[in-house]
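Structure first, commentary second.
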Amino acid sequence: MRPFELTAPATVEAAVASPGTFLAGGTTLVDLMKLDVLAPQRVLDINEVPLRGIDTADGLRIGALERMSDIAGHPGVYPVISRALLLSASQQIRNMASIGGNLMQRTRCTYFRDVAMPCNRREPGSGCPALSGANRMHAVLGTSDSCAATHASDVAVALVALDAELRLVGATGSRTVALGSFYRLPGDTPDVENDLRPGELIAEVVVPPLEWAANSTYVKVRDRQSYEFALCSAAVALHVEDSRVVDARIAAGGVGTVPWRLPEVEAALRGAPATVAAFEAAAARAGEGARPLSANGFKVPLLRRTIVRALLELTEGSR
């Protein structure tokens, strides 16, 4: 780890007025600093900045510095969010990591984290060895000839499914952006991962009210049940009346370069009977446009099975 200057602003105004890299829980930033992937000259510890609170009066509002464990255990949080948080990491990491930091975490691509290897995200124009190398964990959706790194956050998948927004604060004021459009596809500029402008800070996560999101879940498929990143995941909220699907919200993780919303699957479910056959037919729409690499083609059928598993989890009790 290289030397750096550490300061601790106490207000939002002081934080966004000071150039530097923001530190909350540090569970991603410190790791990357130790690996020499990131070497900020100035780090701003924002833990004293008043960006906390969980409000469930009208939808859901979560301060960016709220810890993952506190959000997961809050009684007013939608099940899909709570479950995604609980499956994200170990208890110790959940006690440290903030929701804002989780949404800003960098990819777990081994080439990105190994400074001895080229990586277009870390060094634009250096290349992407994953395209022809070890790519079992990599994305099949949203990839480009420059990058196939998978987005790492679990809770981002749940929040994208629920049309969450971020309130961002900078030196010139605040703005609100949909989380689904906040993350950027790699294209020719994989080093530009999101829409956060220089000096801006995530202040709050806002989830609009959705009464039937109480019937929701997050299914995560991984190589081991303990702390591990997703091979594939599905965040699903389902509205069923009289054994027929009225509406659905579905997003996938572990398969895309960003949290991947699946509107085509949602559309296929609306009006369909809540049956295994209908679920399988709708899930067959997932993965359209996928670009599998040499070792991750299994993710396309896995994605479809994961969606069906989540749908069955939400409906089997009513059968």
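The values are calculated or read from the model by the stated rules, or taken from the named source; none is laboratory data. Remember, predicted model here, so these are calculated numbers, not experimental data. All Cβ positions, glycine included, derive from the backbone under ideal geometry; neighbour counts span all protein chains shown. The protein model used for the area step is the full one, side chains on, heavy atoms only, and it has no ligands, DNA or RNA in it. Shrake-Rupley method; radii C 1.70, N 1.55, O 1.52, S 1.80 Å.
What does the charge add up to near GLY187, with Lys and Arg as +1, Asp and Glu as -1, over the other residues with Cβ less than 13 Å from its Cβ?
Values: positive: ARG121, ARG184; negative: ASP145, ASP188, ASP191, GLU193.
Residues near GLY187 contribute -2 overall.
Return the carbon/sulfur percentage of the accessible area of the chain, one whole number, probe 1.4 Å, all protein chains in place.
On the way: 7010 of 13670 Å².
With neighbouring chains kept in place, the figure for the chain is 51 percent.
Remark: the chain carries 43 Å² of accessible area per residue (probe radius 1.4 Å; ligands, DNA and RNA excluded).
Say a site is exposed when it is one of the chymotrypsin sites (Phe, Trp or Tyr not before Pro), sits in a DSSP loop, and has at most 15 other Cβ atoms within 10 Å; what is then the longest site-free stretch of the chain?
Numbers: sites that count: PHE4, TYR227, PHE298.
Excluding the exposed sites themselves, the longest stretch runs over 5-226.
Computed packing ranks the peptides 152-159, 29-36 as 152-159, 29-36, most packed first, by mean other Cβ atoms within 10 Å. The 3J(HN,Hα) values that the Karplus relation (6.51, -1.76, 1.60; θ = phi - 60°) gives for the stretch 86-94 are, in residue order, 5, 8, 6, 7, 5, 4, 4, 5, 4 Hz. Gly and Pro appear as x.
Here each label is just a point 7 Å from Cα along the line to Cβ, and for ASP55 and GLU316 those points are 3.9 nm apart. Report summary: the helix-based calculation at 222 nm, which adds -39500 (n - 2.57) for every DSSP H run with n ≥ 4 and divides by the residues of the chain, gives -6500 deg cm²/dmol.
Where does the Debye-calculated log10 I(q)/I(0) of the stretch 16-91 sit at q = 0.15 Å⁻¹, using only Cα point scatterers of equal weight, no solvent? So the normalised log intensities are -0.66. Here's the picture: charge each Lys and Arg Cβ at +1 and each Asp and Glu Cβ at -1 in the chain, and of GLN91, LEU51, LEU196 the one pushed furthest to the positive end of that dipole is GLN91. Stretching the chain fully between THR189 and ASP45 yields a gain of 49.0 nm (0.36 nm per residue, less the alpha carbon separation). When the charge dipole of the chain is built from unit charges on Cβ atoms (+1 for Lys and Arg, -1 for Asp and Glu) and taken about the Cα centre, the candidate among THR110, HIS239, ALA64 whose Cα reaches farthest toward its positive end is THR110. Between ARG122, ARG113, ARG224, find the one with the highest GNM mean-square fluctuation for the chain; connect C-alpha pairs within less than 10 Å. Result: ARG224 has the largest fluctuation of those listed.
Ordering THR257, VAL276, VAL205 by Cα displacement along the dipole of the stretch 196-291 toward the positive end leaves THR257 in first place; charges were set at the Cβ atoms of Lys, Arg (+1) and Asp, Glu (-1).
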